[in-house]
Amino acid sequence: MKLRTTDISIPYEQLWLNGELAHSPEVRGLVAILRPAGSPFVHSRELQVAHVLQEAGFATLLINLLTSYEESRDPDARFNVPQLANRVLAIGEWCLHQPPLAGLAIGLVASGTASGAAIRAGWKAPERFAAIVCRAGRPDLAGLTPLNALTIPIRMIVGSADPHIGMIRQAYEHLRGAHDWQNVDGVGEQFDETGPLERFAALAAEWLAAKLPMPLPDATVGDDQRPVGGAGASTTATALPGEDADADRL
């Protein structure tokens, strides 16, 4: 299966979120790989994960939840998890307006503070996202209510040497829906080594293959009927309010 890669920009309020979409009409689903960053994807861990997911039959959408300006000028932007979650919701809405993607179930893969954002987005819009995989990160920043009320299946993959493993486990214990915990022995929080990162990607692909429903035979529109990506093909999505009074922090 040969995938076509396209640089895309997704509108959110007054800015654009940059991403890279790899897609083919034969894919089994779409995985949005969320980065709480604004830097290029070249040589990133997320790009390596995307390649494994593509080999497993998925389209992938590598997407930055921050702009390069935000990343360089506002060190606290990545910790505004409610705002990041609203951007994830806008990404899901954008996908619904792209005919080649509209019939595909969407899975979320996240790390860092994007883990908390993915959980909040899945809590707010369980009809839009089918499953979540977190590479450790900060699921605790999702808040107690989203963790308790999350209904879509989630797998947390954590290195046994992660200094935050206790905090991550505490957040995990608040989950009430379908959830799964995977330890990767001897690995820290960044999964810097090639072997552990490949192990993470394989575990992510396994979970997503089990949880994302296959598209119906006529659910997707061929790539030749409408291009995906760029400002001309984007549909502006209205984000939900940034704060939720009942989404209590842990």
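The values are calculated or read from the model by the stated rules, or taken from the named source; none is laboratory data. Model, not experiment: these values are computed from the prediction. Counting neighbours? That spans all protein chains shown, and the Cβs are built from the backbone with ideal geometry, glycine included.
Are there any pairs with C-beta distances below 8 angstrom linking a residue in the range 73-88 that is under 20 Å from E127 (Cα atoms) and aliphatic (A, V, I, L, M) to a residue that is at pLDDT below 95 and part of a helix (DSSP H, G or I), with the two at least 6 apart or on different chains, and if so which? Partner pairs satisfying both residue conditions: L84/R78. Inspection of the range 85-94 identifies at least one residue that is among the charged types (D, E, K, R), within 23 Å of T6 (Cα to Cα) and surrounded by 23 or more Cβ atoms within 10 Å (Cβ to Cβ).
For the range 1-53, name all the residues that are farther than 14 Å from N64 by Cβ and of a type in the set (D, E). Within the range 1-53, E13, E26 qualify. P146 meets all of the listed conditions (1) part of a helix (DSSP H, G or I); (2) free of Cβ contacts under 8 Å to residues at least 40 places away in the same chain but one, namely (2). Screening A219, A231, A237, A247 for residues that are touching a Ser or Thr at 6+ places or on another chain (Cβ under 9 Å), in a loop (DSSP other than H, G, I, E, B) and either of a type in the set (V, I, T) or at pLDDT below 65 (or both) leaves exactly one candidate, A247. Within the range 30-71, can you find the residues that are within 14 Å of A105 (Cα to Cα), within 13 Å of the chain's Cα centre (by Cα) and of a type in the set (G, A, S)? Hits for the range 30-71 are A32, A59. Considering (1) part of a strand (DSSP E or B); (2) farther than 15 Å from T113 by Cβ, the lone condition that I63 does not fulfil carries the number (2).
Within the set R35, R28, the sole residue that is modelled with pLDDT of 95 or more and of a type in the set (K, R) turns out to be R28. Residues considered: P82, P153, P99, P139. Of these, the only one that is crowded, with 24+ Cβ neighbours inside 10 Å and of a type outside the set (A, V, I, L, M, F, W, C) is P139. Here the condition is being at pLDDT below 95 and part of a loop (DSSP other than H, G, I, E, B); of P163, P126, it holds for P163 alone. Scanning the range 118-128 for residues that are buried (at least 24 other Cβ atoms within 10 Å of the Cβ) and under 11 Å from A32 (Cβ atoms) yields A118, A121.
Conditions tested, residue by residue: (1) in contact with an Asp or Glu (Cβ under 8 Å, 6 or more places away or on another chain); (2) of a type in the set (F, W, Y); (3) under 27 Å from A161 (Cβ atoms).
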{"position": "P82", "(1), (2), (3)": "yes, no, no"}
{"position": "W94", "(1), (2), (3)": "no, yes, no"}
{"position": "L108", "(1), (2), (3)": "no, no, yes"}
{"position": "G116", "(1), (2), (3)": "yes, no, yes"}
{"position": "D140", "(1), (2), (3)": "no, no, yes"}
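Among the criteria (1) touching a Phe, Trp or Tyr at 6+ places or on another chain (Cβ under 7 Å); (2) surrounded by 19 or more Cβ atoms within 10 Å (Cβ to Cβ), the one W181 does not fulfil is (2). The sole residue among I63, I33, I106 that is of a type in the set (V, I, T), over 19 Å from I154 (Cα atoms) and touching a helix residue (DSSP H, G or I) at 6+ places or on another chain (Cβ under 7 Å) is I63. Within the option set A178, A161, A171, A142, being closer than 20 Å to L108 by Cα, out of contact with any Pro (no Cβ under 6 Å at 6 or more places or on another chain) and among the small types (G, A, S) holds for one residue only, A142.
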